[in-house]
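Here is the structure we will look at.
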Amino acid sequence: MRKEKNRKEKSMKQNKFAKKKLFLFDIDGTLAVGDTLYKGTKELLDYIAEIQGYACFITNNSTKSNLDYVNRFRTVFGLETREEQFVTSGFMTIRFLKEKYADQLIYVLGTDSFLTELQKNGLQITDVADENAACVVVAFDNELNYNKLTQACKLLLTKEIPFYGTNPDLRCPIEFGFVPDCGAICNMLTETTDKTPIYLGKPSETVVDYCLELTGFTKEETLVVGDRLYTDIACGINGGVETCVLLTGEAKREDLIDTPYKPDYIFENVYELYKACAK
């Protein structure tokens, strides 16, 4: 019995992830792509539950509400989750806007579902260049059209108002590769108006701060896991926690040479991370 105990204690010391309880996961390109759940995702989530840890899903995709994600995880991936586990760039944007622009009109370039979510939270929203708009907010919009861009340009060029983006991601991973994300849409507006947005989702440290406040875990117990260096890994660095990059999405091994966003750990995929945690 004593030898078995000593072996377990030695194993815990050798496992660099033994103290990690709070895992902050990106979704697209990290745990899944499209409707495909990567091997190792369910195993890692089960492991976190076994050690009485907590998983948060910190995605910069603002097209879905937290409830949308719960339903998607259940119906598409067969995973049971709760709304509070999802910390989207849309969620962080709503928190910010309710604090700063609760009683003001806000111009939003985004999907219909995102605008509806903002309205459900009591915010006054417009999708036309209303002269009373107090700020411009741009989200990832897979319903984008030229009129939306025109309305945003009109406000940014005719009024001195703040310009916010939900997230700086340039491209969103899908089955065949990538499509333009919020950062790419914002870049179009910046090139046209010379106005630069302030981003509210990852890599802001407020994402990590919120998750720590929500769960009560410490920074030492926390690990940010993602596939993108300038959002996922930068978010963990900004939040003062350790980070892990998975090479199943945007980041490639050669990108790690010169990046200012150096992860603490590197794995080929989520299954390799699971094996490292559970050993």
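Among the listed pairs Lys42/Lys202; Lys42/Lys275; Lys252/Lys279; Lys219/Lys252, which have their C-alpha atoms separated by more than 18 angstrom in this model?
Pairs exceeding 18 Å: Lys42/Lys202; Lys252/Lys279; Lys219/Lys252.
Can you tell me the 0 to 90 degree angle between the C-alpha axis of helix 205-215 and the longest principal axis of the chain, rounded to 10?
The answer is roughly 60 degrees.
Per residue, how big is the convex hull around the C-alpha atoms of segment 91-199? Give it to me in cubic angstrom, could you?
Roughly 96 Å³ of hull volume per residue.
With the crude spin-label approximation of a point 7 Å out along Cα→Cβ, what separation in nm comes out for Asn71 versus Asp103?
3.5 nm
Just to be sure I follow the definition: excluding the sites themselves, where is the longest run in the chain that has none of the GluC sites (Glu not before Pro) in a DSSP loop with at most 10 other Cβ atoms within 10 Å?
That gives 176-279 as the longest site-free run.
Which angle between 0 and 90 degrees, to the nearest 10, do you get for helix 2-14 versus the longest principal axis of the chain when only C-alpha atoms count?
30 degrees
Using r as the Cβ-Cβ distance of Glu268 and Lys219, and R0 as 30 Å, what FRET efficiency do you calculate, to the nearest 0.05?
Step by step, r from the Cβ atoms, then E = 0.70.
Nearest 5 is fine: what % of DSSP beta bridges in the chain come out antiparallel, could you say?
About 15 percent, rounded to the nearest 5.
What does DSSP give for segment 131-262 in terms of the percent of beta bridges that are antiparallel, rounded to the nearest 5?
Percentage antiparallel, nearest 5: 30.
Roughly how big is segment 39-149's charge dipole about its Cα centre, with Cβ charges of +1 (Lys, Arg) and -1 (Asp, Glu), in debye to the nearest 20?
220 debye
Run the simple label-point estimate for Ala18 and Asp194 please: 7 Å along Cα→C-beta, distance reported in nm.
The answer from the label model is 5.9 nm.
When the chain is fully extended, how far beyond the present Cα-Cα distance does Thr150 get from Asp258, taking 0.36 nm per residue of separation?
The Thr150-Asp258 span can extend by a further 35.2 nm.
Report the charge-dipole magnitude of the chain in Debye, nearest 20, computed about the Cα centre from +1 at each Lys and Arg Cβ and -1 at each Asp and Glu Cβ.
1440 debye
None of the figures in this text is laboratory data; all of them are computed from the coordinates on show. No experiment lies behind these values; they were computed from the predicted model shown. Note: ideal-geometry Cβ built from the backbone for every residue, glycine included; neighbour counts use all protein chains shown.
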